[in-house]
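The values are calculated or read from the model by the stated rules, or taken from the named source; none is laboratory data. Quantities reported herein were computed from a predicted structural model and do not represent experimental measurements. Cβ placement follows ideal geometry from the backbone for every residue including glycine, while neighbour counts extend to all protein chains displayed. Just so you know, the surface numbers come from the protein's heavy atoms only, side chains and all, with ligands and any DNA or RNA stripped out. Shrake-Rupley method; radii C 1.70, N 1.55, O 1.52, S 1.80 Å.
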Amino acid sequence: RKFLQLAKVAVIIMFVLSFMIVCVLLKVLDSTGRTLKIQMNNVWQSEDKKSEDRFEVLVAIEIPALGLSSLVIKDAATITGVSTTEIFNGNAQSEQTEPAIIASTKAPFRLENSVYALDFSDQGMLQSVALKDSKTKFDVKVGFHVYKARLRAKEKPGAYLFFPDGPSTPHDPQAVPVIRIVRGPLCQQVTVFWPHVSHTVRLLNVEALDSSGIEIENIADIGGLDQKEFVMRFETSIRNEQSVYFTDLNGFQVCLFWVFFFFHCHDC
């Protein structure tokens, strides 16, 4: 993950890097010998089973434009930057060994950083977004839906053709997904394990441009979804009173548009 941060006379690129380790007693230094802030996470073998001999380290580093930066990993006497993981609906047991695991039953829940406060349902799906600077709150409900493909037409559905056979239906609404929430000094995230897709919403706690965005990552396995369109849908309280819609040629004259990278939604 990377973003640009404008300094007085130079552009500084900040990365949040991750790497795997086998020992939690370490520290990370930059090329000047300065100790960097890190986050220590569990590594997972399944939705609710952690690895006993692997850990993930996140570290935020700054790199000057067109420049390089080196990191030095050294042994440390104590563990720092440990995260805590809460697991709902899984078989995990609470563990105090750091990074700690909490087998939780409370829901709904919230993630927040200096910019956002995100509220989630008891199924782990985003429900609302609050902007802390303006103290405004919007309903932003995220869910997965399935469209059956229309097969009777001459043109069949494909990579750039969307031909649904009627309205969508919610994806497996009776499922009780495993929910995994990770909270740490650099990053906090929730991952929901639905049939066919693992859905992650992530917030960064670093003081830079990336902290002003909400990162959503979906890893889908569409096996068993033959002749179906699998989509993520946003339902918001943002109103377009002037009925203005902007798009490009890929979404020409339609109000349903695939999002491949990012989007921006606001009152008009």
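Some notes on this structure:
- In region 65-82, the qualifying residues are those that are among the aliphatic types (A, V, I, L, M) and under 15 Å from C23 (Cβ atoms), and the one that is surrounded by the most Cβ atoms within 10 Å (Cβ to Cβ) is V82.
- Within region 86-111, the set of residues being of a type in the set (K, R), under 20 Å from the mean Cα position of the chain (by Cα) and more than 29 Å from K37 (Cα to Cα) is empty.
Table: residues versus (1) of a type in the set (G, A, S); (2) over 30 Å from K37 (Cα atoms).
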residue: T84; (1), (2): no, no
residue: N113; (1), (2): no, no
residue: D122; (1), (2): no, yes
residue: L126; (1), (2): no, no
residue: T136; (1), (2): no, yes
residue: R150; (1), (2): no, yes
residue: P164; (1), (2): no, yes
residue: G184; (1), (2): yes, no
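- Selection count, region 109-139, where residues are outside any strand (DSSP E or B), open to solvent by less than 30 Å² (accessible area, probe 1.4 Å) and touching a Pro at 6+ places or on another chain (Cβ under 8 Å): 2
- V176 meets the conditions (1) modelled with pLDDT of 80 or more; (2) surrounded by 14 or more Cβ atoms within 10 Å (Cβ to Cβ); (3) in a loop (DSSP other than H, G, I, E, B) in every case but one. The failed one is (2).
- The residues of region 45-64 that are part of a strand (DSSP E or B) and either touching a Leu at 6+ places or on another chain (Cβ under 7 Å) or open to solvent by less than 60 Å² (accessible area, probe 1.4 Å) (or both), listed by number, are K50, S51, F55, E56, V57, L58, V59, A60, I61, I63.
- Looking across K74, K106, one residue alone is of a type in the set (K, R) and in a strand (DSSP E or B). It is K74.
- The residues of region 34-44 that are in contact with a strand residue (DSSP E or B) (Cβ under 8 Å, 6 or more places away or on another chain), surrounded by fewer than 16 Cβ atoms within 10 Å (Cβ to Cβ) and over 17 Å from N205 (Cβ atoms), listed by number, are T35, V43.
- Within region 41-84, being closer than 29 Å to H199 by Cα, over 21 Å from the mean Cα position of the chain (by Cα) and without any contact (Cβ under 8 Å) to a residue 24 or more places away in the chain holds for S51, E52.
- Within region 188-207, the presence of a residue that is of a type in the set (D, E), open to solvent by 40 Å² or more (accessible area, probe 1.4 Å), without any contact (Cβ under 8 Å) to a residue 40 or more places away in the chain and closer than 30 Å to L36 by Cα is excluded.
Here is a yes/no grid of residues against (1) at positive phi; (2) modelled with pLDDT of 85 or more; (3) of a type outside the set (A, V, I, L, M, F, W, C):
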position	(1), (2), (3)
I12	no, no, no
V24	no, yes, no
Q45	no, yes, yes
I79	no, yes, no
R110	no, yes, yes
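- Verdict on L225 being open to solvent by less than 70 Å² (accessible area, probe 1.4 Å) and modelled with pLDDT under 80: yes
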